[in-house]
Amino acid sequence: MIRAAIFDLDGTLVDSNELHVQAWQETFRHFGKEIPVERLREQIGKGGDQYLPVFLTEQEMREFGKEADEYRGAIFKKKYLSQVRPFPRVHELFERIRSDGKKIALASSGKEDEVERYQKLLGIEALVDSRTTADQVAHSKPKPDVFIAALRTLGRLAPEDAIAIGDTPYDIEAAKKIDLSTIALLCGGFREDILRQEGACAIFRDPADLLDKYYQSPLAG
């Protein structure tokens, strides 16, 4: 029986993935690198510690990797964070889950201040039992650290007692490493076949679609 739902945020509950792509593009240009936007999109869902090494050499990582990650965070907060919008009916979905007696955790590759902003934007502060961000763990997705921490904060639940909900193959990859099943949402921009091939146990269009089909989803188990 599912006792808890562990949600990703970016691209899953809020429409922010393309804004992150733009922030990363500006960041790389600032450091003299031009990366095709499609390649940047393909890696969205990873935290900066996992994202940057895809595009920077080991030497570049040593020389300006930390500075680039901080630059991205600053420019996103200054220029893009205010543009993030919630996906519809997230609050209703969370209320539905809580009415079933299930707990809710947030597990994000984003920074703490971004996650806090999203919670307020969605109006879900009172419905969330715990949250884990990239700032609180050693490694972000696709490493499983945030999911391990989330299970711990939910009363040391076993992976089979919970289910993850995310929008990228990196959510699924991270969850699989600890045998945590994942519901995938298409609203983050990744194709259904990619998410299915990675191992999503169910796929829905967005939070509203998941709410409408709640009894057909693994959440009802």
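Tabulated results
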| read-out | value |
| --- | --- |
| Rounded Å value of the spacing that divides the Cα centres of region 25-81 and region 141-207 | 24 Å |
| GNM result for the chain, Cα springs below 10 Å: residue of T132, T153, T27 fluctuating most strongly | T153 |
| Helix 66-75 vs. the chain, principal-axis angle (Cα, 0 to 90°, nearest 10) | 70 degrees |
| Taking all pairs of distinct alpha-carbon atoms in the chain, Kirkwood radius in angstrom | 17.4 Å |
| Order of K141, K78, K66, K177 under a 10 Å beta carbon neighbour criterion, fewest first | K78, K66, K177, K141 |
| Angle in degrees between helix 17-30 and the longest Cα principal axis of the chain, rounded to the nearest 10 | 20 degrees |
| Debye intensity ratio in log₁₀ form over the Cα atoms of region 100-221, taken at each q of 0.11, 0.19 Å⁻¹ | -0.34, -1.13 |
| ³J(HN,Hα), Karplus 6.51/-1.76/1.60, whole Hz, each residue of region 185-196, x for Gly, Pro | 10, 8, 5, x, x, 7, 5, 4, 5, 5, 5, 5 |
| Vicinal HN-Hα couplings computed from phi for region 201-214 (Karplus, 6.51 cos²θ - 1.76 cosθ + 1.60; Hz; Gly/Pro x) | 7, 7, 9, 10, 5, 6, x, 5, 5, 5, 5, 4, 10, 3 |
| Ranking of D135, D49, D193 by count of other Cβ atoms within 10 Å, fewest first | D193, D135, D49 |
| Principal axes of region 17-83: Cα extent on each, largest first, Å | 34, 22, 20 |
| 3J(HN,Hα) from dihedral phi, region 89-103, Karplus parametrisation 6.51/-1.76/1.60, rounded to Hz, x for glycine, proline | 6, 5, 4, 5, 4, 5, 4, 5, 5, 5, 5, 7, x, 8, 8 |
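Coordinate-derived values only; no laboratory data. As the structure is a computational prediction, the values presented were derived from the model and not from experiment. Glycine also receives a Cβ, built like all others from the backbone with ideal geometry; neighbour counts cover every protein chain displayed.
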